Amino acid sequence: MSADVYALYSTRNGRVRYVGQSLDRVARFKDHLRSAESSKQSPLLDRWFHQEWRDGYPVRYALLEECDDGERHQVEERWIWRFPWADLLNRRKRPPWWQPQPLKPPRVDKIDDYMRRHRFNIEGRRGVHRERETGYYRVLVYNGRWVRWLEGGDEGGIWFSDLARALSARDGEEDFYRELMKDRRQADIVAARAREEERIARGDWGL
């Protein structure tokens, strides 16, 4: 049985921030996304995911190496040791302190190729992504918990042939989320006030 050693990186700069291993890298990446949305994985990974999403950059994965299932932990460790310590959010399998660390991360062709073909936050417009080969745009929207590609483009899909339409769709979605969060905050205030009035009515003065 084969296994995958993979990297997680941000489209902000293509920098690898995590190295992992799995029997199915696609399923494992989906686990990472679900865990980040529910804040159930490493706090360091969670914060990193949400910071990138908030700034308009999706997090992606790239295959580093395929290997036999019985060797995946050793191969994963070898890859971890190839990156400067400060680059990775991994806290296990790091080299001992006396081990000289690499000065530069290794080149990952799949990441380099993706970063050459795509541009994010076009002209400073957060979340707006352009694919250079087709010239089409898509929009990443973040609601504080998760991200998704905004629909409503050409033929109802996620790709927009026109930048102005992509921006209009993005701004409308952000207005929706701002109103949604405003409503939620107002509901929280009303609920908190009701709890406080109920506590006082019971004669509970919190002493």
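No value in this document is a laboratory result; all are computed from the given coordinates. Quick caveat: nothing in here was measured; it's all calculated off a predicted structure. Note that each Cβ is placed from the backbone with ideal geometry, even for glycine, and that neighbours are counted across all protein chains shown.
What is the calculated FRET efficiency for L163 to Q101, with r their C-beta to C-beta distance and R₀ = 35 Å, to the nearest 0.05? Efficiency, rounded to the nearest 0.05: 0.25. Around the amide H of F160, modelled in the peptide plane, lie the amide H atoms of Y137, R138, D154, all under 5 Å away and 5 or more residues distant in sequence or on another chain. Within the shell of other residues whose beta carbon sits under 9 angstrom from the beta carbon of L23, the net charge comes to 0, with Lys and Arg scored +1 and Asp and Glu -1. Here's how it looks for L64: its modeled amide H is under 5 Å from those of V5, Y6, A7, which are all 5 or more places away or on a different chain. Does the stretch 1-94 come out rounded, prolate or oblate, given a ≥ b ≥ c as the square roots of the eigenvalues of its C-alpha gyration tensor, rounded meaning a/c under 1.5 and, failing that, prolate meaning a/b above b/c? Prolate, because a/c is 1.5 or more and a/b exceeds b/c. Near Q101: Cβ cut-off under 10 Å, other residues only, Lys/Arg at +1 and Asp/Glu at -1. The net charge is +1. Residues in the stretch 147-156 carry Karplus couplings, in order, of 10, 7, 7, 6, 8, x, x, 4, 6, x Hz; the curve used is 6.51 cos²θ - 1.76 cosθ + 1.60 with θ = phi - 60°, and Gly or Pro positions show x. Kirkwood hydrodynamic radius of the stretch 18-146, from the reciprocal of the average inverse Cα-Cα distance over all distinct pairs: 16.6 Å.
Within the shell of other residues whose beta carbon sits under 15 angstrom from the beta carbon of R117, the net charge comes to +2, with Lys and Arg scored +1 and Asp and Glu -1.
For the stretch 26-40, backbone nitrogen atoms closer than 14 Å to the point 7 Å from R91 Cα along Cα-to-C-beta are found at 40.
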